[in-house]
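Reading through the structure tokens given below for one structure.
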Amino acid sequence: MSVSEQGRNFCLFFIIGLLIGFLFDIFRGFRRNLKLANLLVDLQDVLFLLLSGLLYLRSVLLFNHGNLRFYLVLSSAAGIVIYALTLSESCVIMIEVVFRVLIKLLKIPYYFAKKNKKQN
């Protein structure tokens, strides 16, 4: 494998680390807006683990032909850490706003159905 391919893979796995951090923030925003039972929180954690594991495994198979190298793990870990230190808080705020708007939009049909039921 040439040095340019290794550099390309390093950058790709850095981006994959950023994506895994963003995926975690989506789950974190979901958890902050909906109060779930402990069992559902545990299931959500397992779902995150499966999704991020599948993303990482699929990326290793697709981009590096199944060869897991130390520098790939290092670059994806660096992507996760840099995302957590720089973009995470602002993304969580935006994700929470999106979830709040979605929750309000989902409550609108319930409100009108409840209002129509009272009138009848």
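The values are calculated or read from the model by the stated rules, or taken from the named source; none is laboratory data. Predicted, not measured: the structure shown is a model, and the values here were computed from it. FYI the Cβ positions are ideal-geometry reconstructions off the backbone, even for glycines, and counts take in every protein chain you see.
Data table
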read-out	value
Single residue of 17, 66, 53 found to be among the small types (Gly, Ala, Ser) and on the phi > 0 side of the Ramachandran plot	66
Index of the failed condition, residue 76 passing every other in (1) of a type in the set (Ser, Thr, Tyr); (2) at pLDDT below 95; (3) closer than 30 Å to residue 4 by Cβ	(2)
First in the range 14-36 and under 18 Å from residue 97 (Cα atoms), second anywhere and basic (Lys, Arg), Cβ under 9 Å, 6 or more apart	33/100
